[in-house]
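Enquirer: Have a look at this one before I ask anything.
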Amino acid sequence: MDQTAEKISAEATHLGAAAASKIDTAWDKTGDVLSSAAETIDENAERLPGAAERLARSTATKLATAAKYVRQHDARDVLRDLEDLVKRYPLQSLAAGAVAGFLLALATRDED
């Protein structure tokens, strides 16, 4: 019985490590994508008229800030920050979750 539990524990540890590795890889790619999007928007913002250019540059700055955050923090840090945010603003978090769920449902529903 002890050997079975040890095998299960070892396999769970192995699967957890593999999942963490995949998350870290995806996390790194996320930082790269955010940074690339920020650069592209900023490079093309000058082609836009007045207010649209300011909005584009503001968006690029926010994306660059997000990319920096992603590069400086791992997924555990983000989850911890998210937990703190939900604890600080529970009703707003609930509302945001409901809106996100509704939008996800709209985006994934079948058109039939």
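Every number here is computed from the coordinates shown, using simple stated rules; none is lab data. Here the structure is a predicted model, which means the values were calculated and not measured. Cβ placement follows ideal geometry from the backbone for every residue including glycine, while neighbour counts extend to all protein chains displayed.
Enquirer: Which entry is the computed Rg/Rh (Cα atoms, Kirkwood Rh) for this structure: (i) 0.97; (ii) 1.22; (iii) 1.14?
Expert: Among (i) 0.97; (ii) 1.22; (iii) 1.14, the one calculated here is (iii).
Enquirer: Also, I was wondering about something else. Quick check for you: which residues of the stretch 51-88 have the amide N under 14 Å from the point 7 Å beyond the Cα of THR30 toward its beta carbon?
Expert: From the stretch 51-88, the list is 66-83.
Enquirer: Highest GNM mean-square fluctuation, the chain, Cα pairs closer than 10 Å: which of GLY31, GLY101, GLY50?
Expert: Among GLY31, GLY101, GLY50, the largest GNM mean-square fluctuation belongs to GLY101.
Enquirer: Determine, from the Cβ-Cβ distance of ALA66 and GLU46 and an R0 of 25 Å, the FRET efficiency 1/(1 + (r/R0)^6), rounded to the nearest 0.05.
Expert: Step by step, r from the Cβ atoms, then E = 0.70.
Enquirer: Please give the contour-minus-distance gain from ALA107 to ALA18: 0.36 nm per residue of separation, less the Cα-Cα distance, rounded to one decimal in nm.
Expert: 29.0 nm
Enquirer: Here's a follow-up. Short version: ³J(HN,Hα) in whole Hz for each residue of the stretch 56-70, in order, from phi by Karplus 6.51 cos²θ - 1.76 cosθ + 1.60 (θ = phi - 60°), x for Gly and Pro, what are they?
Expert: Values per residue, Gly and Pro as x: 4, 5, 5, 4, 4, 5, 5, 5, 5, 5, 5, 4, 4, 4, 4 Hz.
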